[in-house]
1. When N is the residue count of the stretch 306-357, what does its C-alpha Rg come to as a fraction of 2.2 N^0.38 Å?
2. If we count every other residue with Cβ under 12 angstrom of F274's Cβ, Lys/Arg +1 and Asp/Glu -1, where does the sum land?
3. Rounded, prolate or oblate: which fits the stretch 230-280 when a ≥ b ≥ c are the square roots of the eigenvalues of the alpha-carbon gyration tensor, with rounded for a/c under 1.5 and prolate only if a/b beats b/c?
4. Please check which bits of the stretch 143-171 a label hung off D262 would reach, taking the label as a point 7 Å along Cα-to-C-beta and the cut-off as backbone N under 20 Å.
5. Any idea what diffusion coefficient the stretch 29-72 gets from Stokes-Einstein, in µm²/s, Kirkwood Rh on alpha carbon pairs, 25 °C, 0.890 mPa s?
6. So if we plug the beta-carbon distance of T396 and Q150 into 1/(1 + (r/R0)^6) with R0 = 41 Å, what FRET efficiency do we get, rounded to 0.05?
7. Cut-off 11 Å, label point 7 angstrom out along Cα-to-Cβ of R161: give me the residues of the stretch 285-307 whose amide nitrogen falls inside.
8. Relative to the present Cα-Cα distance, how much length would full extension add between W181 and D34 at 0.36 nm per residue of separation?
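Nothing in this text is a laboratory measurement; each read-out follows from the coordinates by a stated rule. As the structure is a computational prediction, the values presented were derived from the model and not from experiment. A quick note on method: Cβ atoms are made from the backbone with ideal geometry, for glycine too, and the neighbour counts reach across all protein chains shown.
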Amino acid sequence: MSTTDRELRIGMVGYAFMGAAHSQAWRTVNRVFDLPARARMALICGRDTGKVADAADRLGWDAYTTDWRDLINRDDIDVVDVCTPGDSHAEIALAALAAGKHVLCEKPLANTVAEARAMTAAAETARAAGVRSMCGFNYRRVPAVTMMRQLVADGRLGVIRHVRATYLQDWIVDPQFPLVWRLQKDRAGSGALGDIGAHIIDLTQFVTGQRITGVSAVTETFVKERPLPAESSGLAATVDGSASPTGPVTVDDAAVFVARLDGGALATYEASRFATGRKNALRVEINGSLGSVVFDLERLNELEFYDATRPGAEQGFSKILVTEGDHPYMSAWWPPGHIIGYEHSFTHEMRDFIEAVATGVDPAPSFADALQVQLVLDAVTRSAEIGSSWTEVEPTLA
Ligand code: SOE
């Protein structure tokens, strides 16, 4: 569909779950949206030669390499897309920015506040030279979420009083599920908190335009020891029989916290990988003085909206099917009523990123926005460590 000759040559590091999701989006984006530049899937990087060669072929990349420094140092790469576990985000992103590459980095931005601060500072320096950076909080780009934000910004909910957010999964309920990288603090930074809690922190702040100023939290690691994995990729893993050696789980399995937002709202958050039966259940409800709105990822084409200004007899939650041509992003897809899915949020993410890079504007969420999420994660962790004491979120500018 793209009518441009300008190319942005993408180099992506990582090829598991997020790598596959991003590849699907890079493959699709210019076929659906008319953009000022065309993404070329130039180079994919992974450590294992056989696996990365297979990924390049399967996911549609022109070439592969096993050394991310090679990808960063090449003159024929414009954008570096970081889809690795959190422990390598900072190193790769910092090197890419120093080499003048635009950077898209998966969430959470980093494993620590110190890393996120360094990445934000580097992004700010690179920005002066026209280098753009963005963090991949993909759920912002679900059309119903973008619309939810618009309803709040247009004043349709009035003064926001409550934010209620849950992100629930159950893929590690079985104590025999192996100790994959997402369950190791040195690799992932934190557990359910950073992996899925980060999403609801970003999403609620994005939708309300308010920032979390302080929290009181509890976290728990229900299963403290797990068998070491024989093989793992994405969220799947296997063990070598029942006598497999075990190792300690060093992250939270669940995190629950209350928060205050700077616009006066009270908020509750729950992130868990132990919510049996909940596979990828992200739900956000916002209550304001003039109405309420509810988003549920498992019904991502819909919004529930309650408009308290309607005549009493007509009041009640109504369902908005977010598939009309004048809904965010939807005109590029199908006729009204023809729904979209999880992967479209990534296609929209690439759409916005390409547009920003090609037109020389700053994409959002910036690394500074993602640093602020990191500071909330940090406040939650500190609060839980000191017995749920009220803990202020540090300011972004230290
Ligand atoms: C795994 O818990 C995971 O894939 C997250 O890492 C993603 O960010 C989320 O979109 C779905 O769940």
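1. Numbers: Rg = 15.5 Å, N = 52, 2.2 N^0.38 = 9.9 Å.
Normalised Cα radius of gyration, the stretch 306-357: 1.57.
2. Working: positive: R273, R278; negative: D170, D174, E220, D252, D253, E270.
Cβ neighbours under 12 Å give a net charge of -4.
3. Working: a/c = 3.61, a/b = 2.80, b/c = 1.29.
Since a/c reaches 1.5 and a/b is larger than b/c, the shape of the stretch 230-280 is classed as prolate.
4. Taking a point 7 Å out along Cα→Cβ of D262, the residues of the stretch 143-171 whose backbone N falls under 20 Å are 149-150, 152-155, 159-164.
5. Details: Rh = 11.4 Å.
The diffusion coefficient I find is 215 µm²/s.
6. Numbers: r = 25 Å, r/R0 = 0.61.
FRET efficiency, T396 to Q150: 0.95.
7. Inside the label zone: 287-292.
8. On the way: separation 147, 0.36 × 147 = 52.92 nm, distance 3.81 nm.
Full-extension gain reported as 49.1 nm.
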